[in-house]
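> What follows is a structure written as structure tokens; I'll ask about it next.
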Amino acid sequence: MPFTKFTNLDFDQIKTSIKDYLRANSNFTDFDFEGSNFSVLIDTLAYNTYITAFNSNMVVNESFLDSATVRENVVSLARNIGYVPRSKTAAKAEIQLNLSGENLIDPNSADPNNPYVPYRSLYLKEGLVCTGVQEDTTYTFSIPQDIEISGIKVENTIGVVNYPITVYQGTYLTKTFTVDGSLDQRFILDNPDIDTSTLVVYANIPTSGGDYRSLNLGKGVLYTKVDNILNINKDSEIYLLQEVQDEKWELLFGDGIFGKKLPNETKITVQYIVTDGVEGNGPGGNAGTENIFSFAGTVQKEVTNSGVSERQSITPNTSTITTLQRASNGGDIESINSIKYFAPRLYSSQYRAVTARDYESIIQTIYPNTESVSVVGGEEMDPPQFGTVFLTIKPKNGDFVSDFDKQQILSDLKNYSLTGINQKILDLKVLYIELENYTYYNTAKVTDVPGLRATVVEGLTTYANSLDINKFGGRFRYSKVLSVIDNIDDAITSNITRVKIRRNLNALVNRFAQYELCFGNQFNVKPGGLNIKSTGFKIQGTSETVYLSDTPNADKKTGVVQIIRKDVVDGSKIIIIEDAGTVDYIKGEIILTTINITETDKPNNIIEVQAFPESNDVIGYQDLYLKFSIGDSAINMVKDTITSGEQISGVGYKVTSSYNNGELIRT
């Protein structure tokens, strides 16, 4: 009896295959399977085959990083190539803590020349420090380790601009373990929402007499987290970390070959912060504000009793918190897609920064708040700067990386980069895309025009959040935007959409300075000028509001930047400075010569400078971060009087130009 090949996974096709197999036997050649009880057995066999095939397919899929969908399997496969996913990240705020009170002073240490002598040491105790409110929700902020306070007098400020107190959004917790070598022991932390960067691990190894050391208040030796076993020996006091089931974390200690092995009865103390992640961003108010955070921490003094140091809590008379930087940079645990993307890339980099992909994956590891990274070799710069790698980082929350974080990133990169290669982190340069859109609609199919417009905005917002843009090396696809608008509703008959590109010039107010703005895209050039427009600003020597404009040269490849003002009578152009710089229309580059800007119309000393691209498909070139600005786009709804039947002959139909306007200034 021949065996029929199984190549189908569909239930009905499997059932048909079983019948064909049975008909190959002469006893069932003309058998009526559907009219007999035999059909029940065939259904059972088909169901069993179908379920087995499905499970086999799932098992095989979950065995490979590319096709796995269950987080535990993805994490396990990534672990095989040495990748540890990023944990949740606590939002961090920087504060100054102002304490005052006579109880901060040791009354037994009075000095006639200085009546305010501090205790030998004061500490801001690990754990809860303050609380903040965001959208009617109270968030707690903690520190994972004690902060020593020195030089306390009746009034003192803890934390300054250069050395602030960093508090982490979340709840401070402690977990203890006792090593038992007779068990297959695992050191798993119970909480899934831990910010692993706040982990503080101590190990107190008992002496030969069974006593424990009093180091670090009886916690023992501070252990260091490492990412790999390079430069590790049998005495290294280190631990490794890995994610396990249910997004929990496990500590791995040395085995006596790679890292120090912990003997029996060793007490392990783990301190960490459980955070709300991205939800904790926001509390603290603006920099310089006071009492937005409420102090809820504990101050301790160190005293000596019978030769033994101990700590006692004290309460300051008053405490005030000044915000230096509001809570930001909170993030959620690394997604499955991110693990799939970065795990093989970090593995291929082998913990060395050579190629652009190496830098991208390593920076994501050492600075988890990274949304997108641009890596440009110095040889690609104009002029070339050999031996330097230029990095631009877009944080997940906000537009700029703090100076402290920059220094920390550069310091960590030294562990991966080649000798003789320097890294430099540049501030983010955003290239904004704006639309001037006219959407035509059939009045016979829509009654709520504002609602239709809101739907158009919603559709464009969805595209703005897509993978095409909002990243370095992104690309704005003009044809996609047109189709998005046309397909939003049957009432929409067509649309005319113009594209503008914009850079923000950060003016150094009341200082002579030169400026350069790179758009990375070729400009569309009109011989009469007005290819560049700006918002208003004022310069030294005139009280009038002035603007940027341009006049192309004969080759239409370069031009002259002018500073102009608008005539209040007829709106014509009046030139204030004939030659204020140059513009390269091919490179999309504007250079302003030395100028003293005294004021800007836009807040935060911003001058918005716009141009029209030669191609409506805009790219984020090199270190330009592409951002689709829906809020600055104009979405206009226009009646289609022909389609609606109001004007069959086309008389009165409103025609919209597909080309750029000739306005003098940016509108």
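> Sort Phe404, Phe537 by heavy-atom solvent-accessible area, probe 1.4 angstrom, most to least.
Ranked list, largest accessible area first: Phe404, Phe537.
> Leaving out ligands, DNA and RNA, and with a 1.4 Å probe, what % of the accessible surface on the chain is carbon or sulfur?
Carbon and sulfur: 49 percent of the exposed surface of the chain.
> Which entries of Lys533/Lys587; Lys429/Lys627; Lys225/Lys260; Lys602/Lys639 show an alpha-carbon separation above 22 angstrom in the structure shown?
Too far apart for the 22 Å limit: Lys602/Lys639.
> Follow-up. Rounded to the nearest 10 Å², what accessible area does Thr641 have for a 1.4 Å probe in the complete protein model?
20
> Looking only at the chain, where both bridge partners belong to it, what percent of the DSSP beta bridges are antiparallel (to the nearest 5)?
85
> Just to make sure I understand: if all protein chains stay in place, what is the order of Ile292, Ile539 by accessible area at 1.4 Å, largest first?
Greatest to least solvent exposure: Ile292, Ile539.
> I've got another one for you. Taking θ as phi - 60°, what are the ³J(HN,Hα) couplings along segment 170-179 by the Karplus curve (6.51, -1.76, 1.60), each to the nearest whole Hz, with x for Gly and Pro?
x, 9, 7, 10, 10, 10, 10, 10, 10, 5
> Taking the full set of protein chains and a 1.4 angstrom probe, give the accessible area of Glu544 in square angstrom, rounded to the nearest 10.
80
> Per DSSP H run of at least 4 residues, take -39500 (n - 2.57); add these up for the chain, divide by its residues and hand me the 222 nm value, nearest 500 deg cm²/dmol.
It lands at -5000 deg cm²/dmol.
> Also, quick follow-up: Excluding Gly210 itself, what net charge comes from residues whose Cβ is under 14 Å from its Cβ, given Lys and Arg +1 and Asp and Glu -1?
0
> So which aspartates and glutamates pass the test for Lys573, namely a Cα distance under 18 Å, with those fewer than 8 places away in the same chain ruled out?
Glu544, Asp550, Glu663
> Around Gly259, what is the net charge, scoring Lys/Arg as +1 and Asp/Glu as -1 over all other residues with Cβ under 12 Å from its Cβ?
Around Gly259, the surrounding residues sum to +1.
> Of Lys424/Lys526; Lys394/Lys556; Lys414/Lys471; Lys248/Lys301; Lys445/Lys526; Lys396/Lys500, which ones are farther than 29 Å apart at the Cα?
Where the Cα-Cα span goes over 29 Å, the pairs concerned are Lys424/Lys526; Lys394/Lys556; Lys248/Lys301; Lys445/Lys526.
> Something else about it: Provide the solvent-accessible area of Val354, counting protein heavy atoms only and rolling a 1.4 Å probe, rounded to the nearest 10 Å².
80
> While we're on this one: For Glu237, Glu34, give the ranking by accessible area with the largest first, probe 1.4 Å.
The ranking, largest first, comes out as Glu34, Glu237.
> List every DSSP H helix in the chain whose Cα atoms extend 30 Å or more along the helix's own long axis and whose mean Kyte-Doolittle hydropathy is at least 0.5.
Span-like helices, by this rule, are 38-61.
The values are calculated or read from the model by the stated rules, or taken from the named source; none is laboratory data. Computed from a predicted model, the values in this text were never measured in an experiment. Cβ sites come from the backbone with ideal geometry, for glycine too, and all protein chains shown count toward neighbours. Ligands, DNA and RNA are stripped out before the accessible areas are found, and what is left, the full protein with its side chains, is counted by its heavy atoms. Shrake-Rupley method; radii C 1.70, N 1.55, O 1.52, S 1.80 Å.
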